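Step one of this worksheet: look at the structure below.
The values are calculated or read from the model by the stated rules, or taken from the named source; none is laboratory data. Model, not experiment: these values are computed from the prediction. Don't worry about glycine lacking a Cβ; one is built from the backbone with ideal geometry, like all the others, and counts go over all protein chains shown. Side chains are part of the model used for accessible areas, which takes the heavy atoms of the whole protein and leaves out ligands, DNA and RNA. Shrake-Rupley method; radii C 1.70, N 1.55, O 1.52, S 1.80 Å.
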Amino acid sequence: MATLLSVHGVSPAYGEGCWFAPTSTLVGQVTLGDDCTVWFGAILRGDVCSIRVGNKTNIQDGVVIHGTYQKSDTIIGDEVSIGHGAVIHGCTIHDQVLVGMKAVIMDHAVVESNVVIGAGAVVLEGAHLESGYVYAGVPAKWIKPLDETAKSWHITRTAAAYLKYASWYK
C-alpha cells in the first residue's frame with residue numbers, strides 16, 4: 001500500500017480510478033484527478049506547498065514533486081507523463097506534456113500544452129516553454145516543432161500506456 005500522510009491536518013485527495021504503487025508516497029496538500037497513476041518510489045510532497053494534478057496523468061518511478069514554502073505551488077494538467085527520476089518543483093505544467101526521464105523543472109517555470117521535454121533537460125526557474133515544440137538540453141532550449149506523429153507517439157500513447165500498465169496491478 002502506498003504511504004499517504006497528513007500534514008497539519010491536510011491529507012492527500014484523489015479521484016476515481018487512481019493507482020498508487022506500494023512504495024509511492026503522497027504527503028499533505030496533494031490533489032489528483034481521476035485515472036492518475038503514481039509509480040514505484042515516486043514522492044509527491046505537499047508539506048510546504050500544494051500539488052494539484054489533473055486527470056490521466058502518470059508520475060513514473062522515482063519522480064519527486066515538491067515546491068518552495070510560501071513561494072511556489074505545483075500545478076500539473078491532464079494527460080501529462082512525467083518520466084522516471086524527474087524533479088518537478090514549484091512549476092506549472094499544462095495538459096498533454098511529456099517530461100523526459102531525469103528532467104528537472106524549476107520554480108515558476110510554465111510549460112504550455114503539447115510540449116515534449118527531453119530526458120535530462122533542465123527547465124530553469126521562471127522559464128516559459130511555448131506549446132507545440134520539443135525542448136532539450138541544459139538549460140532546456142527549443143529544439144524543433146512537435147509534429148502530429150511525434151505528439152501522438154510521445155504524448156498520447158504514453159498517457160494511455162500507463163493506464164494500461166496500472167491495470168496489470170489492480
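Note on the stretch 26-39: residues that are open to solvent by 30 Å² or more (accessible area, probe 1.4 Å) and outside any loop (DSSP other than H, G, I, E, B) total 2. Within the stretch 57-96, the set of residues being touching a helix residue (DSSP H, G or I) at 6+ places or on another chain (Cβ under 9 Å), more than 20 Å from residue 129 (Cα to Cα) and in a loop (DSSP other than H, G, I, E, B) comprises 60 only. If you take the residues in the stretch 40-52 that are of a type outside the set (Gly, Ala, Ser) and open to solvent by less than 10 Å² (accessible area, probe 1.4 Å), which one is farthest from residue 157 (Cα to Cα)? Ranking the candidates gives 49 first.
Scanning the stretch 5-25 for residues that are in contact with a Pro (Cβ under 9 Å, 6 or more places away or on another chain) and either crowded, with 21+ Cβ neighbours inside 10 Å or part of a loop (DSSP other than H, G, I, E, B) (or both) gives a single hit, 6.
Within the bounds of the stretch 102-125, is there any residue that is in contact with a Pro (Cβ under 6 Å, 6 or more places away or on another chain) and assigned to a strand (DSSP E or B)? Yes, the conditions are met somewhere in the stretch 102-125. Among the residues of the stretch 68-104, those identified as of a type in the set (Val, Ile, Thr) and more than 10 Å from the chain's Cα centre (by Cα) are 68, 104. Of 135, 165, all but one fail to be open to solvent by less than 30 Å² (accessible area, probe 1.4 Å) and under 17 Å from residue 82 (Cβ atoms); the exception is 135.
The set of residues in the stretch 40-54 that are closer than 13 Å to residue 78 by Cα and part of a loop (DSSP other than H, G, I, E, B) contains only 54. The residues of the stretch 54-71 that are in contact (Cβ under 8 Å) with a residue 40 or more places away in the chain and closer than 10 Å to residue 88 by Cα amount to a single one, 67.
Among the residues of the stretch 67-78, those identified as buried (at least 21 other Cβ atoms within 10 Å of the Cβ) and either at pLDDT below 95 or not polar (S, T, N, Q) (or both) are 67, 76, 77.
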